[in-house]
Amino acid sequence: MSLESINPATGELIERFSEQSAAEAAAAAARAHEAFAAWSRSGITRRGSLLRKAASILHAEKNSLARMMSEEMGKPILQALAEVEKCALVCSYYAENGESMLAPERIAADGADSYIRFDPLGVILAVMPWNFPFWQVFRFAAPALMAGNVCLLKHAANVQLCAAGIEEVFRSAGFPEHVFTVLRIASAQVGALIGHPLVRAVTLTGSDRAGREVAAAAGRHLKKVVLELGGSDPFIVLDDAPLSKCVGAAVSARMVNNGQSCIAAKRFIVTRGVYDRFEKAFVAAVGALRTGSPLDESNDLGPLAREDLLEELERQVRESVRLGARVLCGGGRPGKKPGNYFQPTVLAGVTPGMPAYGEELFGPVAALIAAVDAEDALRIANDTAFGLGAAIWSADRDGAEKLAARVEAGSVFINGMVKSDPRLPFGGVKMSGFGRELSSYGIKEFVNIKTVVIN
């Protein structure tokens, strides 16, 4: 079997990669475990130095790496450049702060002395998606490596060039052999690899379906797991929202990465006092977006990453319209244009029972939902199986913070769009997963929090 990298803008094959066998994957896990012995004792100063070198390489090679992303999964080139820069940022952040985050913590107890130390676990398996093919790997790998763990990466089948590019960054930075290893295996092999006795933990960013499978496998083998899954983030617009800033942020929050982002705003819940004005401005802004080659900086949107994703989005829109939703702009493919393109779309009249209300729309489609007031908006926002991020727009900070405390999500942004930041913990609740990445919380997900008592 082989893994194929296909340009989603043209449908052309870029490169074909040979798939590794189960035995080859198991051998890679064994080599990683062997590398762990020396890497875990290498010292945090050395590990930080290598992460700084990786950051330098990312800065220096950002143009070629960004183009690789754009060609392989359709990300607009300016967003791809920003993604590479963010990867450099997370490497630098943990290089600078990892030592203090992992410093032993002394706690007074019954003994003469007692403290907590944070020791690495060993081999960590990362199962990563295609939509942020560099960032989602580096936001896991930078803290995991800084803590002294070693990493196995099972990347999405359609971004194997990006996987190779990431591996080369670490190799060029001087990381020892087998400390970071790319596996080219099918999804069906992941369960067996989780059960490998030398794999200590697993992290997944992906769909709720994939999350269930990985969590079940990890549970059977009593392995630590962190899951960052899908989202259907609410973007709440209250009557006193600053519309001049809100509308532009709403467009960016929905259309980032061609709408293929777990933390993209997907359900725009607008109270009746401002609904008509928001709808008019929002539809005009979305309708003005340019769709085309992701390598052309003048385009706002590129293609969806795969044909099956395009077909699923078409189904969700078609079914929502059949159930009563109204298309205010866009609504389908842009004519006979080649590539996996979908028009930037706004649906109004979205109600419970429609795919646009209850499912994650992974593409440039926004669902407008009218609410009576703030309480009704909160009810609608929480009326979802997901709980990744949420945004609240209001001039009343105190009222917005009280509302934020009741939103069922891992992150709430007031008067801003949801985004990840190395300094802040990131993750979700409900069907959006569990565990946290980034910040001091993220680096401690894959360590042994060890108590030492001296009498």
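No value in this document is a laboratory result; all are computed from the given coordinates. Here the structure is a predicted model, which is why all the values come from computation and not from measurement. Positions of Cβ are generated from backbone atoms using ideal geometry, with glycine treated the same way; all protein chains shown enter the neighbour counts.
Helix 275-287 and the longest principal axis of the Cα set of the chain meet at an angle near 70°. Of all DSSP-defined beta bridges confined to region 233-414, some 10% are antiparallel rather than parallel.
The ranking of 10, 451 by Cβ neighbour count inside 10 Å, starting from the fewest, reads 451, 10. The percentage of C-alpha pairs in region 105-174 whose separation is greater than 21 Å is 39%. Taking one quarter of the surface of the convex hull spanned by the alpha-carbon atoms of region 155-246 gives a direction-averaged projected area of 9.8 nm². Calculated from the structure at hand, semi-axes √(5λ) of the Cα gyration tensor in Å is found among (1) 36, 22, 21; (2) 30, 27, 21; (3) 38, 27, 19 as (3). Convex hull volume of the Cα atoms of region 171-325, normalised per residue: 205 Å³. Rounded to the nearest 20, the Cβ-based charge dipole of region 233-414 about its Cα centre (Lys and Arg +1, Asp and Glu -1) stands at 500 debye. The angle between the Cα long axis of helix 307-322 and the longest principal axis of the Cα atoms of the chain comes to about 40 degrees, rounded to the nearest 10. Dividing the helix sum by the residues of the chain, where each DSSP H run of 4 or more adds -39500 (n - 2.57), gives a mean residue ellipticity at 222 nm of -12500 deg cm²/dmol. DSSP assigns beta bridges within the chain; of those with both partners inside it, close to 35 percent run antiparallel. Taking all Cα-Cα distances within region 387-439, those exceeding 19 Å account for 27%. Label point 7 Å out from residue 224 along Cα-to-Cβ: which residues of region 150-171 have amide N under 19 Å? Zone members listed by number: 150-154. Once both labels are positioned 7 Å from their Cα atoms along Cα-to-Cβ, the gap between residue 27 and residue 96 label points is 4.3 nm.
Using 0.36 nm per residue and subtracting the Cα-Cα separation, the extra length available between residue 64 and residue 299 on full extension is 82.7 nm. Each of 444, 280 has some number of other Cβ atoms within 10 Å of its Cβ, and from fewest to most they run 280, 444.
Residues 453, 321 in ascending order of nearby Cβ atoms (within 10 Å, fewest first): 453, 321. Rg and Dmax of region 233-414, both derived from C-alpha coordinates alone, stand at 15.6, 50 Å. Taking 7 Å steps out from each Cα toward its Cβ at residue 198 and residue 372 produces label points 6.2 nm apart. Region 275-327 to region 161-215: how many Å between their Cα centroids? Comparing the Cα centres of region 275-327 and region 161-215, I get a distance of 32 Å. For the pair region 229-259 / region 1-48, the C-alpha centres are spaced 36 Å from each other. Orientation-averaged projection of region 1-140 equals 11.6 nm² [convex hull of Cα atoms, one quarter of hull surface area].
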